[in-house]
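The values are calculated or read from the model by the stated rules, or taken from the named source; none is laboratory data. Only a predicted model underlies this, so the values are computations on that prediction, with no experimental measurement involved. When we count neighbours, we look across all protein chains shown, and the Cβ atoms used for this are built from the backbone with ideal geometry, even at glycine. For the accessible areas, the whole protein counts, side chains as well, though only heavy atoms, and no ligand, DNA or RNA atoms are used. Shrake-Rupley method; radii C 1.70, N 1.55, O 1.52, S 1.80 Å.
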Amino acid sequence: MTVSPRPAATTAAAVPSPRADQSDLLDGAEVAPLFTPFTLAGVELANRFVMAPMTRQASPGGVPGDDVAAYYARRAAHAGLIVTEGTYVDHPSSGSSDRVPRFHGEDALAGWRRVVEAVHGAGGRIVPQLWHLGAAREPGAPPRPQAPVLSPSGVRADGTTIGTPATIADLDAVVTSFARAAADARAVGFDGVEVHGAHGYLLDQFFWSRTNRRTDGYGAGLAGRARLGAEVVAAIRAAVGPDFPVIYRFSQWKGGAFDAQVADSPADLEGLLAPIVEAGASALHVSTRRYWLPAFDDSPRTLAGWTKHLTALPTITIGSVGVATAFGGDGEASAPLRLAPLVDLFERGEFDLVGLGRVLLSDPAWPTKVRTGDLAAIHPYSKGDEARFA
């Protein structure tokens, strides 16, 4: 069943912060629409919930084992789509841990094939998230300690220097690495790929004016800042063909800079996203810490809502769905447990799919328990669950 996009609302009242006790999770909300099927670039999803990527560092030597396959399969029975933890592309500077899975090498790809088989066996769909850390990588870190740190301008978000600015040859090599990983993903049997362009990593460092101080074609304006991300998407599209989903994830916030803004207005957002869309992205994954908050002044529309309104692409929202505090624990009690605001925004057409992170760490069956109303059986998220990742 193909679900036609719903037009985003142009005038709507602001959605209140969804503060409530867990016993009021449903609070009269009709959640059935979130359990309707959706077709993402030809791939059928059983419901609107997406498992978000969450770094685990549970793959010694970068190779996902049978425990990784079991971890994703447990959640695949309940979420419409699984996005894996970030996986390193084969560019030498991409990673900083020998326990984060890589997406290159026969041993790692064989492990990923077993993950795909387990997820498909559970009736789910799965895409890998392809990742390059850029300036977030520490010099000398594994898995390739001798590799240089690569970034747009040789600076971190705080202005301190690190490495040297990437050359055009460096950027060409990065683009090729992403494309090679995507081709391998299709060959292994994945249902698509997600490109990590968020949270202050390499592609996002190009998006953000604070870390991108270039004056060449990869900086100096919105189109320049979006160019590397667009080239990655275009190369992936050329490598996998027209019928393979390519999701692009972006964010305003960064690790350690929750108030960061890559776009100060809808016009800025359109300028950054248009090249990504034109390059062949199938969907956009909009990472926020509080899904219900307006993105810009003078409008109640969320960042996901603006993204869908401006691009018309299928859009994934995320940000503290079903947990008591926003990601990062900044002390603000967000208590986003009530699902009524989520359903309201969905019905307004602000997004098509809903990302779930921490709730699926605590309870892999969270979507099913919400659908059946078995709220008493839900294991609520607690910080300690992050150590389990089981």
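Below is a table of values for the structure above.
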quantity	calculated
Residue match in the range 249-260 (condition: among the basic types (Lys, Arg), under 26 Å from residue 354 (Cβ atoms) and in contact with a His (Cβ under 9 Å, 6 or more places away or on another chain))	yes
From 89, 83, residue being touching a helix residue (DSSP H, G or I) at 6+ places or on another chain (Cβ under 7 Å) and at pLDDT 95 or above	89
Residue 197 being surrounded by 23 or more Cβ atoms within 10 Å (Cβ to Cβ), at pLDDT 95 or above and not charged (D, E, K, R)	yes
When residues of the range 84-125 are limited to those that are of a type in the set (Asp, Glu) and part of a loop (DSSP other than H, G, I, E, B), the one nearest to the chain's Cα centre (by Cα)	90
Members of the range 255-271 found to be within 25 Å of residue 84 (Cβ to Cβ) and either of a type in the set (Val, Ile, Thr) or surrounded by 23 or more Cβ atoms within 10 Å (Cβ to Cβ) (or both), listed by number	262
Pairs with Cβ under 7 Å, 6+ apart, first in the range 122-139 and free of Cβ contacts under 8 Å to residues at least 60 places away in the same chain and over 23 Å from residue 236 (Cα atoms), second part of a loop (DSSP other than H, G, I, E, B) and of a type in the set (S, T, N, Q)	137/93; 137/96; 138/96
Residue match in the range 65-87 (condition: crowded, with 19+ Cβ neighbours inside 10 Å and within 25 Å of residue 165 (Cα to Cα))	yes
Criterion (crowded, with 22+ Cβ neighbours inside 10 Å and either over 22 Å from residue 84 (Cβ atoms) or without any contact (Cβ under 8 Å) to a residue 60 or more places away in the chain (or both)) met by exactly one of 223, 166, 179, 183	166
Residue match in the range 221-229 (condition: over 23 Å from the mean Cα position of the chain (by Cα) and closer than 26 Å to residue 288 by Cβ)	yes
Output for the range 88-134, where each listed residue is open to solvent by 30 Å² or more (accessible area, probe 1.4 Å) and on the phi > 0 side of the Ramachandran plot	105, 123
Considering residues of the range 144-163 that are touching a residue at least 40 places away in the same chain (Cβ under 8 Å) and outside any loop (DSSP other than H, G, I, E, B) only, the residue nearest to residue 228 (Cα to Cα)	151
Some residue of the range 7-24 being over 21 Å from residue 288 (Cα atoms) and modelled with pLDDT of 95 or more	no
Failed item in (1) part of a loop (DSSP other than H, G, I, E, B); (2) under 19 Å from residue 40 (Cβ atoms); (3) in contact with a Ser or Thr (Cβ under 8 Å, 6 or more places away or on another chain), with residue 289 passing the rest	(2)
Filter pass, residue 127 being out of contact with any helix residue (DSSP H, G or I) (no Cβ under 9 Å at 6 or more places or on another chain) and closer than 19 Å to residue 283 by Cβ	no
Output for the range 21-64, where each listed residue is in a helix (DSSP H, G or I), of a type in the set (A, V, I, L, M, F, W, C) and open to solvent by 10 Å² or more (accessible area, probe 1.4 Å)	32, 35
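Here is a yes/no grid of residues against (1) assigned to a loop (DSSP other than H, G, I, E, B); (2) within 15 Å of residue 128 (Cβ to Cβ):
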position	(1), (2)
175	no, no
185	no, yes
206	no, no
219	yes, no
223	no, no
232	no, yes
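Residue-by-condition table, conditions (1) of a type outside the set (Gly, Ala, Ser); (2) open to solvent by 40 Å² or more (accessible area, probe 1.4 Å); (3) assigned to a helix (DSSP H, G or I); (4) at pLDDT 95 or above:
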{"site": "229", "(1), (2), (3), (4)": "no, no, yes, yes"}
{"site": "243", "(1), (2), (3), (4)": "yes, yes, no, yes"}
{"site": "275", "(1), (2), (3), (4)": "yes, no, yes, yes"}
{"site": "317", "(1), (2), (3), (4)": "yes, no, no, yes"}
